[in-house]
Each structure stands twice: as C-alpha cells, then as structure tokens.
Amino acid sequence: MPKERQIQKSITFITGNQHKVLEAQGILNNLGISLEHADIGYPEIQGNLEDVARYGAQYAARRLGKPVIVEDAGLFIKALKWFPGTYSSYVQETIGNKGILKLMSDVVDRYAEFRSVIGFCTPKTEPEVFLGTVKGQIGYEEIGRFGFAYDPLFHPEGYEESFGEMKRDEKNRFSHRRKSLEKFALWYKSQG
C-alpha cells in the first residue's frame, strides 16, 4: 500500500471565492502544503496585481495574527490595452463575458494573458509576491461549463479547448494560478 503524502506545512488563504479555494487546495496539497480558508476580506487598493496582493496579504496577516496568502488575478487583453486587467472582477460582475465578447466583436488580434499574483505575509514581515502567467487567445464565443468567470472565453496557448472546457485537475496542471502557487510553495518550503 503506497504511503500517503505527508503534509509538511499549512497556510491560510484569504478569499471569498470558493472556486479559487478548490483550485488552490488541489495545487498546494500536491506540493506538501495544506490550505486553510478564511473569508475576512481586505481593502483592494488601486494599483497593479502585485500592489493589491502585497497590501492585502499584509493587511490580512496583521488582522489575523498569522501567516496568510491572498491572490489577485486578472484577464489582460492586448487589443483592449490590457483591459480588464486589475478590474477583472468588477468587469465580470458588470458586463460579464458577453460584454467582453461585444468589445472584441471586430478585433482580429485576440491575444490575452491570465495573470495571478500570490501575496504572502506574516504579522511581522514584509509581503512577498509571486507572479504566474498563461498566454492564450480570447475565443469568439463562450465554450464550456467548467471553471468560472472568464474561463469559457480563454483558450490557452497550445490548446484547442477553453479553460471552461477543462476539468479543474486538467486546468490546474498549467494555469496561471498553478504557476504563482508553485513559485510561492517552493519559496515557502525553502524558508524552513
């Protein structure tokens, strides 16, 4: 009988998005880190993804009194001058995927990137950030019933399927969130 993977470390993930929790658990558990979840919220300052993650992690770590991670992610579309970018969550809530498709209706260059930044902080340290990016294209329609938010629009480079057509474990093998969480996990485990 194979030995079960021993969880070496634990971290608290601050988010209100249950989809992110499930993806992060699937990724970090395989890297030897168990994930706790807390939905305490944090102010999202104006700035780039790194600024938001840095501030959010520091705020949450000091409020909870323990080490935490936060994640800020966005869809960046080249032809729309990298919009929605840091406004991805707000844009998803207001115009949604149909609004993005309308903005892209006459656009030929459909290059886009999903970016994820993990912010880590303890109550007594400065925050660290870890960026993960996946390149791809915006489709011409929503395809797929898996994932969430912009996943049915985004076709990662080298794949015919959208993220919305991929089950969580398939997406987790190479997603932007995977890349940022892997960078964090390698660093975190090296800290002793």
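No lab work stands behind these numbers, since they all come straight from the coordinates. Keep in mind the model is a prediction, meaning the values are calculated, not measured. Cβ: placed from backbone, ideal geometry, glycine included. Neighbour counts: every protein chain shown.
Looking at region 137-155, which of its residues are surrounded by 17 or more Cβ atoms within 10 Å (Cβ to Cβ) and touching a residue at least 40 places away in the same chain (Cβ under 8 Å)?
Ile138, Glu142, Gly147, Ala149, Tyr150, Pro152, Leu153, Phe154
Only one of Ser180, Ser116, Ser162, Ser190 is touching a strand residue (DSSP E or B) at 6+ places or on another chain (Cβ under 6 Å), free of Cβ contacts under 8 Å to residues at least 40 places away in the same chain and under 25 Å from Thr15 (Cα atoms); which? Talk me through it step by step, then tell me what you get.
Values: Ser180 fails: free of Cβ contacts under 8 Å to residues at least 40 places away in the same chain; Ser116 fails: free of Cβ contacts under 8 Å to residues at least 40 places away in the same chain; Ser190 fails: touching a strand residue (DSSP E or B) at 6+ places or on another chain (Cβ under 6 Å).
After ruling out the rest, the residue left standing is Ser162.
Need at least 1 residues that are closer than 22 Å to Phe163 by Cβ and within 17 Å of the chain's Cα centre (by Cα) per element, so show me which helices (runs of 4 or more DSSP H) inside region 1-113 make the cut, counting only ones lying wholly within it.
Once the helices (runs of 4 or more DSSP H) in region 1-113 are filtered for at least 1 residues that are closer than 22 Å to Phe163 by Cβ and within 17 Å of the chain's Cα centre (by Cα), what remains is 18-29, 49-64, 88-94.
Which residues, taken from region 124-146, are part of a loop (DSSP other than H, G, I, E, B) and touching a strand residue (DSSP E or B) at 6+ places or on another chain (Cβ under 9 Å)?
Pro127, Gly139, Ile143
What number of residues in region 72-103 are surrounded by 19 or more Cβ atoms within 10 Å (Cβ to Cβ), out of contact with any Lys or Arg (no Cβ under 7 Å at 6 or more places or on another chain) and not charged (D, E, K, R)?
Summing the residues that are surrounded by 19 or more Cβ atoms within 10 Å (Cβ to Cβ), out of contact with any Lys or Arg (no Cβ under 7 Å at 6 or more places or on another chain) and not charged (D, E, K, R) in region 72-103 gives 8.
Within the bounds of region 49-64, is there any residue that is closer than 18 Å to Val129 by Cα, among the polar types (S, T, N, Q), in contact (Cβ under 8 Å) with a residue 60 or more places away in the chain and in contact with a strand residue (DSSP E or B) (Cβ under 9 Å, 6 or more places away or on another chain)?
Yes: region 49-64 contains one or more residues that are closer than 18 Å to Val129 by Cα, among the polar types (S, T, N, Q), in contact (Cβ under 8 Å) with a residue 60 or more places away in the chain and in contact with a strand residue (DSSP E or B) (Cβ under 9 Å, 6 or more places away or on another chain).
Can you name the condition, by its number, that Arg173 falls short on among (1) within 15 Å of the chain's Cα centre (by Cα); (2) farther than 19 Å from Leu35 by Cα; (3) without any contact (Cβ under 8 Å) to a residue 12 or more places away in the chain?
(2)
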